[in-house]
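First comes the structure, then the notes that go with it.
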Amino acid sequence: MHLEYAGIRVTDLDRSVRFYTEQLGLKEMRRKDARADGLGIWVVLQDAESGQRIELNWYPEGSRHGVPYVAGEGLDHLGFVVDDVAETYERLVAAGAEPAIPPSEYEGLTAYVKDPDGNWSEVYQKMEP
């Protein structure tokens with residue numbers, strides 16, 4: 001398992017993409033619109049020099065993740081790459097992590113748990129593009 005990126009929740013996706021790309025020099029790598037699934041839109045940005053990535057997450061009203069935004073609480077989640085999502089999820093939950101979204105909801109390739117303070121972590125398997 002290794003830390004792959006940090007997800008940041010934003011209130012205006014276009015404004016945030018412009019800030020991170022035009023002002024900070026990150027490059028947009030990919031994006032997905034998952035509103036049809038009750039989620040939101042996410043955009044992965046990468047620093048060309050370091051290779052580090054962040055994921056900007058925007059949730060519309062009505063999304064199950066669209067809770068009221070509180071300034072300073074923009075960390076959405078941390079993303080960890082694993083070899084086996086189901087095994088890792090079960091191990092983390094058995095060790096005390098709070099279950100958030102089990103693997104079955106995302107075709108078994110992604111799952112989420114919460115740490116003792118309620119911060120979300122995603123465990124996922126990389127797939128070929």
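The values are calculated or read from the model by the stated rules, or taken from the named source; none is laboratory data. Bear in mind the structure is a predicted one, so any value in this text is a computation, not a measurement. Note that each Cβ is placed from the backbone with ideal geometry, even for glycine, and that neighbours are counted across all protein chains shown. Just the protein is used for accessible areas: all its heavy atoms, side chains included, with ligands, DNA and RNA removed. Shrake-Rupley method; radii C 1.70, N 1.55, O 1.52, S 1.80 Å.
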Around Val81 (Cβ within 12 Å, Cβ-to-Cβ, excluding Val81; K/R +1, D/E -1) the net charge comes to -2
Within-15-Å neighbourhood charge of Tyr20 [Cβ basis; K, R +1; D, E -1]: -1
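If we count every other residue with Cβ under 13 angstrom of Ser63's Cβ, Lys/Arg +1 and Asp/Glu -1, where does the sum land?
-1
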Distance between the C-alpha centers of the stretch 1-61 and the stretch 73-127? Whole Å please. 19
Probe radius 1.4 Å, ligands and nucleic acids left out: which of Glu22, Glu87, Glu107 has the largest accessible area, and how do the rest follow? Glu107, Glu22, Glu87
Per residue, how many Å² of accessible area does the chain show with a 1.4 Å probe? 63
How large, in percent, is the carbon and sulfur part of the accessible surface of the stretch 22-129 at a probe radius of 1.4 Å? 49
What is the dipole size for the chain, taken about its Cα centre, with +1 at each Lys and Arg Cβ and -1 at each Asp and Glu Cβ, in debye to the nearest 20? 320
